[in-house]
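The values are calculated or read from the model by the stated rules, or taken from the named source; none is laboratory data. Bear in mind the structure is a predicted one, so any value in this text is a computation, not a measurement. Here Cβ is always computed from backbone atoms with ideal geometry, including for glycine, and neighbour counts include all displayed protein chains. Each accessible area value is taken on the protein alone, full model and side chains, heavy atoms only, with ligands, DNA and RNA left out. Shrake-Rupley method; radii C 1.70, N 1.55, O 1.52, S 1.80 Å.
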Amino acid sequence: MMSSAKKDISATLPTVLASNNLVMTAKVFDWRKRKSWLASIRHYAGHVLTAEIREHLALARPKCWSDDLSWLPDSHDAVPEFVAALTGYYTHFKGFHGCRPLKLSSYYERGLIGQDSDALSNVFREIFADVPKENVESAINKFAERRDRERGKMWLVGSDAHLINDCGHYLIQGSEFLMALAANLSPANGEDYRFRLRNYGVPTVLEIDIPVELVPAEQHVEVAKMLLSEWGQLATRNHLGFGDIPPCYVVRSDIPRECIRGHYHPERIIDPHSGHRPYLNRLRTCDVCG
Ligand SMILES: [Zn+2]
């Protein structure tokens, strides 16, 4: 996969400075390392997912869905207990952010700042400076509500392969907000304005260890349910086979620069806006790694 091109930075064991000034070792939940996190469950949640429950499941062999946990005995109490154990054990969730920035140095200097729609609107004005101004402003105004709703938000997913193979448009065309604006610009001379965004910036995958407390509580529950489902499928040997959809993390605050674990520029990206054909990226370095 693409990640082979990336430097292995996991060897540099991350440490975090706790608020009481004690240095503690970071424990990072990495969705891609299924075997590892399945094996860890008994270390932090053995009191919730007991041997008795596992034996019961092995006999009854229910379908262990993630969105309907009625298969788990006493799930009403067990789920919140599991969530507490999970977020007490892990200090970070590993997430990947796809983007097409003009410069990466600002990420390394200031961290990841949530979506700044005013700045994006200015970028939009620059890129489409040749388009009649009233059309550009009308597209921006149409998105005023969305602009307010999405201000400060950041989207990350638990697997870089998923980002490249299923959400490649973030890398190929950049910000979804810019794409939405471009899609709403009345086309002239048959130009699909979204494609113009491909001329700016470098397709990039950023690897971020997100502190657990920066991820909203309802997403802790979502991740916990996904883990419970996988654990249950293993315990019952009843695999549901609905593919490998990683968790999504929507962070509503800035992410400090020390959470950036690395980045790379994949060569081959699946392009959902061109019939899922591969998009060959020739920009393999940026202002930071070049
Ligand atoms: Zn780079």
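Structure notes:
- Looking across region 208-230 at every residue that is of a type in the set (D, E) and surrounded by 15 or more Cβ atoms within 10 Å (Cβ to Cβ), the one that is nearest to the chain's Cα centre (by Cα) is identified as D209.
- From the options V48, V79, residue that is at pLDDT 95 or above, outside the structural domain of G158 (by TED's automatic domain parsing), part of a loop (DSSP other than H, G, I, E, B) and open to solvent by less than 40 Å² (accessible area, probe 1.4 Å): V48
- Within region 196-230, the set of residues being away from the ligand (no atom under 16 Å from the Cβ), touching a residue at least 40 places away in the same chain (Cβ under 8 Å) and within 11 Å of L156 (Cβ to Cβ) comprises D209, I210, L214, V215.
- Tally of residues being more than 30 Å from A217 (Cβ to Cβ), open to solvent by less than 30 Å² (accessible area, probe 1.4 Å) and within 14 Å of the ligand (Cβ to nearest atom) across region 239-290: 5
- Search result, residues across region 240-270 that are closer than 27 Å to G111 by Cβ and of a type in the set (V, I, T): V250, V251, I255, I260, I269
- Of the helices (runs of 4 or more DSSP H) lying entirely inside region 100-207, those containing at least 2 residues that are within 25 Å of R282 (Cβ to Cβ), open to solvent by less than 50 Å² (accessible area, probe 1.4 Å) and not polar (S, T, N, Q) are 117-127, 160-166, 169-172, 176-183.
- Selected residue (criterion: nearest to the ligand (Cβ to nearest atom)) from residues of region 71-111 that are hydrophobic (A, V, I, L, M, F, W, C) and in contact with a Lys or Arg (Cβ under 8 Å, 6 or more places away or on another chain): V79
- When S66 is tested against the conditions (1) of a type outside the set (V, I, T); (2) in contact (Cβ under 8 Å) with a residue 12 or more places away in the chain; (3) not in a loop (DSSP other than H, G, I, E, B), the lone failure is (3).
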